[in-house]
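Take a look at the structure below.
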Amino acid sequence: MSAPFSNREQSLDLSIVIPCYNEEAGIPELLRRVAAAVAQAGIVSYEIVLIDDGSTDRTWPLIETATKNSPHVIGVALTKNHGHQLALSAGLATARGARVLVLDADLQDPPELLGPMMAVMDQGADVVYGQRLARKGETALKRLTAHWFYRVLDRVTDVQIPVDTGDFRLMSRRVVDILNTMPESQRFVRGLVSWIGLKQVPFPYQRDERFAGETKYPFRKMLQLAIDAITGFSTQPLRVASYFGVLFGLVGLLCLFYVLFSWLFAKSVRGWTSLITVVLLLGSAQLLVLGMIGEYLGRLYIESKRRPIYLIREVVRGAATEGKPIA
């Protein structure tokens, strides 16, 4: 069933959604540069939505202070660390702007590109997504794995997800409204945005080095994100079972010919090593296929529970604090 477009009135021109996890060292500079970029773009009616994803440092106190110093800042505190994609989803559900810019707190994606991205959207685009031309400050391994991740993802998924793109993008209100109706708990937001369609335009840019702190995407989280992306938008891994069936059927047929030949001409069936090799190959293939099926089955089990995909502890707007029930 297709999601209806929202026709609710918006009181703001722009929302900037920024998930934060242990970013105390960068919050002041982040707010300074975002405010300067908004002013440079000539936008007066806006909000900066900072989502604290269960930080263990002083990120939330700094966000609270920022809301007291600026009426444009909104703080959203989650009950625990839900992960970047769910924190981003919480921010998108909170945002009220007619246009929504998604930005990371590490300042690798320059907020100064807001003005040029707004100009592209003025020409009729529903989504203006940042496409990385270079990735400064990242290791060769990180660049290599990211390069191949996007290209493998492009080959195996049923949805065309642009290569070398992250969550840095400017979206129209109707795209955000559709995105907010999607109930998946295992989320790959950039893939969901691509699935929506409409007019989506790339915006090439140079990605900067992280301003402060450490990366929040170690190899384990990158691998989990890749699994979520592939299983969320493709059934190709399940077809591996069929491919293995055909492959090992042919191997089994060749082994049968070998056994018959040995019985007829060599008077004995030799090849214990080859037999064990075939058994191990078949056993490994079966376990691999079962693992893939289990990955999809596990996701179906989690989705069937229909639990909330995130829990908000508190929302702070300006000088007033609005408590949110945990439900």
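Derivation of every value follows stated rules applied to the coordinates shown; laboratory data play no part. Please read all numbers here as calculations on a predicted model, not as lab measurements. Quick reminder, even Gly has a Cβ in these numbers, built from the backbone with ideal geometry, and neighbours come from all protein chains shown.
State whether region 10-101 is rounded, prolate or oblate according to the following rule on the C-alpha gyration tensor (a ≥ b ≥ c being the square roots of its eigenvalues): a/c under 1.5 gives rounded; otherwise a/b larger than b/c gives prolate, and the remaining case gives oblate.
Because a/c hits 1.5 or more and a/b fails to exceed b/c, region 10-101 counts as oblate.
Which value in nm describes the separation of the simple spin-label points at LYS68 and GLN206, placed 7 Å from the Cα toward the beta carbon?
4.0
Let's test the formula: R0 of 51 Å, r as the Cβ-Cβ distance of ARG306 and LEU254. What FRET efficiency results, to the nearest 0.05?
0.55
Determine the gain in length on full extension of the stretch ALA39-VAL279; use 0.36 nm per residue of separation and subtract their C-alpha separation, reporting nm with one decimal.
Once the chain is fully extended between ALA39 and VAL279, it gains 79.7 nm.
Between LYS199 and TYR296, 0.36 nm times their residue separation minus their Cα-Cα distance comes to what?
Value of the extension gain: 31.8 nm.
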